[in-house]
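For reference, the structure is listed below as structure tokens.
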Amino acid sequence: MTARDLLPGRGDYDLHGPVLRADLLAGVTVGVVALPLALAFGVSSGAGPAAGLVTAVVAGIVAAVFGGSPVQVSGPTGAMAVVLAPIVAAHGPSSIALVSILGGLVVLVAGAARLGRLVGYLPWPVVEGFTLGIACIIFLQQVPAAVGATAPPGKNPLLGAANAVAHAVTGGGTAVWTIATVALIAAIMLALPKLHRGLPASLLAVAAATIAAELLHAPLPRIGGLPSTLTPALPSFTLGAAGDLTGAVIAVAALAAIESLLSARVAVTMTRGGPSVGPTRPDRELVGQGLASIASGLFGGMPATGAIARTAVNVRSGARTRLAAITHALVILAVIYTATGLVSRIPLAALAGVLMITSLRMVPLPTIREVLRASRSSATTFAVTALVTVAADLILAVEIGLLVAAFFALRHLAGAAHARHDPLPGPATPGDEHIAVFGFEGALFWAPPNASSPTSPTSPTTSSSSSCACPACTSSTPPEPKHSAKQSKNSKPAASRSWSRASGRTTGTC
């Protein structure tokens, strides 16, 4: 692979009539679906709805142009919002732009260093446990808004949800209105896909909840003011601030790389059996995602990643090239310039409802059952990763999940390797006391008897690292010659080793 493979080219697009129409239609569909999600993830992260919209537009275009997947859709995601929430609580919303730029630089360097293929080595139970943990966190983070309460910034989402529910039970207030709004959102999002899969359920649900809130003059918190233009602005940068954000930058960069590459891999599996959409280049994908986060930070946005749900909608809508993802960003840009007044009236509880249903759809139940039934080691790895994700930290969860998976892999490897002492074939003959037959099964590492000896290969001295431990090989004196009858009967030399490919067994005879 050359440096040219990491850059855009003319072959990235197909402007012929049928493909062009399919891309434009898919882009409009994804844009309609992505609008409420961009607002919701911006609010959930603590950066604000404006940051979500800016990220969807700027990062969506840059990642589509420079990324390595023809059908990937990028923007703000739930996993990134989960990582950014404690950063906002500790350093303030103004730190998000700087974290986005620095994290993008790390991802860009990783792509230039050709590290994109490493994500393929992540064990399946770790990935699924990580995804389930993120889904749980997203749901728990929306509970306070769903019951009309506020959670302290930086608090564990499980504790924050429990306190919010307790406050709603004892306090009342707007809880009735917010719960009713969430219930309306859930009912519409669950019912519309059963009527027609092409309907933008999340957008229609938010529109219905907003109209109902306006007609009933419901006392619900709203999104509020949004920017009507996109203006680049450099964040304040000092070495001290960059040092304080080092851990946050590493976490953001790791998550952006992992989630984007996993989303691109999912997109590849979804396009199989359909029209060809071209190859996915993981290294170029990292370069594109790094540039997207840098550009988003320069416009006051948040770090971006590949969005699995929006990418799935893009593929199902017939997208063929990256023009579809560009169109999706332009649709959201049109909303920023023409409909910010209407969007500002959306109740926050409506966005909470959208994210709750989205989180429930992130990990389907059949996948969980498949992981749990695969093996005890897979089930344990899956459960540990999910629990650590919810209780502690996302990056720590991946690290612990990898350690657990490695432990079970080594234990299985050690348990599969063993040696046995086989009896000599045929009737006993003189000289059998100098013969030993061993059978080895499993993963073995062989070394010649004198491989590490500094002496000549013809020297009769036997190294202590000999691969055979029978008395004939470990003795300091050469064994007596084998009986001629025994030699002819077994048709084997005095010392030999054979490998059986059928059984995976190595047999040493001395």
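The values are calculated or read from the model by the stated rules, or taken from the named source; none is laboratory data. From a predicted model like this one, the values you see are computed outputs, not experimental measurements. Neighbour counts run over all protein chains shown; Cβ positions are idealised from the backbone, glycine included.
Against the test of being touching a strand residue (DSSP E or B) at 6+ places or on another chain (Cβ under 8 Å), surrounded by 24 or more Cβ atoms within 10 Å (Cβ to Cβ) and under 30 Å from residue 365 (Cβ atoms), the options 34, 64, 26, 59 yield a single qualifying residue, 34.
If you check 89, 97 for being assigned by TED's automatic domain parsing to the domain that holds residue 292, modelled with pLDDT of 90 or more and part of a helix (DSSP H, G or I), only one passes: 97. Return yes when residue 185 is in contact with a Gly (Cβ under 6 Å, 6 or more places away or on another chain) and either part of a helix (DSSP H, G or I) or buried (at least 22 other Cβ atoms within 10 Å of the Cβ) (or both) and no when it is not. Yes. Evaluation of residue 199 against the conditions (1) hydrophobic (A, V, I, L, M, F, W, C); (2) assigned to a helix (DSSP H, G or I); (3) surrounded by 12 or more Cβ atoms within 10 Å (Cβ to Cβ) shows that the sole unmet condition is (2). Evaluation of residue 74 against the conditions (1) at pLDDT below 95; (2) among the polar types (S, T, N, Q); (3) within 20 Å of residue 299 (Cα to Cα); (4) crowded, with 24+ Cβ neighbours inside 10 Å shows that the sole unmet condition is (1). Residue 340 falls short on exactly one of the conditions (1) in contact with a Ser or Thr (Cβ under 8 Å, 6 or more places away or on another chain); (2) surrounded by fewer than 20 Cβ atoms within 10 Å (Cβ to Cβ); (3) modelled with pLDDT of 90 or more, and that condition is (3).
Given the condition of a type outside the set (Ser, Thr, Tyr), crowded, with 21+ Cβ neighbours inside 10 Å, at pLDDT 90 or above and part of a helix (DSSP H, G or I), answer yes or no: does some residue in the range 12-23 qualify? Walk me through it before giving the result.
Keep residues of the range 12-23 that are of a type outside the set (Ser, Thr, Tyr), which gives 12, 14-23.
Applying the additional criterion that residues be crowded, with 21+ Cβ neighbours inside 10 Å yields 23.
Restricting the remaining residues to those that are at pLDDT 90 or above gives 23.
Right, trim to part of a helix (DSSP H, G or I) and you get 23.
Within the range 12-23, one or more residues are of a type outside the set (Ser, Thr, Tyr), crowded, with 21+ Cβ neighbours inside 10 Å, at pLDDT 90 or above and part of a helix (DSSP H, G or I).
Against the list (1) closer than 30 Å to residue 59 by Cα; (2) at pLDDT below 85, the condition residue 207 fails is (2). For the range 410-426, the count of residues that are farther than 19 Å from residue 123 by Cα, surrounded by fewer than 17 Cβ atoms within 10 Å (Cβ to Cβ) and touching a Lys or Arg at 6+ places or on another chain (Cβ under 7 Å) is at least one.
For residue 378, state whether it is modelled with pLDDT under 90, outside the structural domain of residue 39 (by TED's automatic domain parsing) and either within 19 Å of the chain's Cα centre (by Cα) or closer than 26 Å to residue 45 by Cβ (or both).
Taking the combined requirement at face value, the residue does not satisfy it.
The single condition among (1) surrounded by 11 or more Cβ atoms within 10 Å (Cβ to Cβ); (2) more than 29 Å from residue 314 (Cα to Cα); (3) in contact (Cβ under 8 Å) with a residue 60 or more places away in the chain that residue 209 does not meet is (2). Among the residues of the range 156-171, is there at least one that is surrounded by fewer than 20 Cβ atoms within 10 Å (Cβ to Cβ) and more than 28 Å from residue 89 (Cβ to Cβ)? No, the range 156-171 contains no residue that is surrounded by fewer than 20 Cβ atoms within 10 Å (Cβ to Cβ) and more than 28 Å from residue 89 (Cβ to Cβ). Pairing residues of the range 95-121 that are at positive phi with residues that are surrounded by 17 or more Cβ atoms within 10 Å (Cβ to Cβ), at Cβ distances under 6 Å and at least 6 apart in sequence or on separate chains, gives 114/283. Within the range 202-224, being closer than 21 Å to residue 331 by Cβ and either part of a loop (DSSP other than H, G, I, E, B) or of a type outside the set (A, V, I, L, M, F, W, C) (or both) holds for 202, 210, 223.
Taking the listed residues 394, 403, the one that is touching a residue at least 60 places away in the same chain (Cβ under 8 Å) and either surrounded by 13 or more Cβ atoms within 10 Å (Cβ to Cβ) or more than 30 Å from residue 202 (Cβ to Cβ) (or both) is 394, with no other qualifying.
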